[in-house]
Amino acid sequence: MMLVVLLGMMVFVSLFGPDAGGVMLVWQAGLAAACLLMAAWQGGAWQTCLPAAAGAVVLGGLVAWHLRARVHPVRHGYALLLRLGGGLLMVALLSIAVPPDALDVEGRLEVVAGLSAISCGLIAAGVERDRARQCAALACALEGWLLLSGIAGRALPVVVGCMMLAAMVFMIRMTMPRDPATGDGAW
């Protein structure tokens with residue numbers, strides 16, 4: 001029952017996606033890790049769920065940490081509406097597309113939550129104009145990737161997802177200057 005609540009919260013946080021300062025990204029990383037640990041506890045896929053949970057928390061937290069001074073507070077008014085509308089549409093389509101008779105309730109919600117995080121992150125990356133917000137949205141999508149691959153017991157996608165998040169941390173650190181209003185631009 002607790003896993004269902006956590007997965008529902010993951011879908012909710014995915015709808016609102018990245019924000020200024022990366023707070024939602026940290027929440028999503030924590031929820032993804034909690035879902036992975038709960039699924040491992042119930043299903044026993046510790047060898048993939050533990051690395052995926054660690055990757056989501058550590059690397060997702062590092063992305064949020066490095067984006068905190070790079071996300072500009074100015075936002076286009078339509079971006080939140082497009083993200084929320086597109087996200088709601090994708091969650092509705094995904095819940096229809098995943099067949100109810102193929103999986104149990106928790107398994108179906110696990111698939112819908114992971115795919116929702118991926119699709120909502122990709123929609124947000126396409127709508128946002130700020131590079132830092134696009135990186136935060138892609139990190140949200142990668143956390144959904146880690147959630148799906150960890151629960152499915154697939155080690156290679158977990159490793160690839162962690163490598164992609166680590167590359168994103170490196171790219172943010174090397175290519176994006178800090179916002180002059182919040183930092184001096186030097187590391």
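The values are calculated or read from the model by the stated rules, or taken from the named source; none is laboratory data. The shown structure was predicted, so the numbers you read here are calculated from the model rather than taken from an experiment. FYI the Cβ positions are ideal-geometry reconstructions off the backbone, even for glycines, and counts take in every protein chain you see. To get the accessible areas, we keep the full protein, side chains included, count just its heavy atoms, and leave off ligands, DNA and RNA. Shrake-Rupley method; radii C 1.70, N 1.55, O 1.52, S 1.80 Å.
The charge dipole of the chain, taken about its Cα centre with unit charges on the Cβ atoms of Lys, Arg (+1), Asp and Glu (-1) only, comes to about 500 debye.
When only Cα pairs below 8 angstrom with a gap of at least 6 residues are kept, segment 17-166 shows a relative contact order of 35 percent. Working ranking of peptides 29-42, 134-147 by packing, defined as the average number of other Cβ atoms within 10 Å per residue, highest first, is 134-147, 29-42.
Can you send over the carbon and sulfur percentage of the accessible area for the chain, probe radius 1.4 Å, protein chains only? Answer for the chain: carbon and sulfur cover 74 percent of the accessible area. Using a probe of 1.4 angstrom and keeping all protein chains present, the accessible surface of the chain works out to 48 square angstrom per residue. ARG108 sits with roughly 60 Å² accessible to a 1.4 Å probe, with DNA, RNA and ligands left out of the calculation.
Stretching the chain fully between VAL98 and PHE12 yields a gain of 29.1 nm (0.36 nm per residue, less the alpha carbon separation). For a label point 7 Å from the Cα of LEU82 along Cα→C-beta, name the residues of segment 127-150 whose backbone N is under 11 Å from it. It comes to 127-130, nothing else.
Shape class for the chain, computed from the alpha carbon gyration tensor (a ≥ b ≥ c): oblate, with a/c not under 1.5 and a/b at or below b/c. Per-residue ellipticity at 222 nm from helix content only, as computed over the chain with -39500 (n - 2.57) for each DSSP H run of at least four residues, stands at -27000 deg cm²/dmol. Projecting the Cα atoms of SER95, MET174, VAL58 onto the charge dipole of the chain (Cβ charges, centred on the Cα centre) puts MET174 farthest toward the positive pole.
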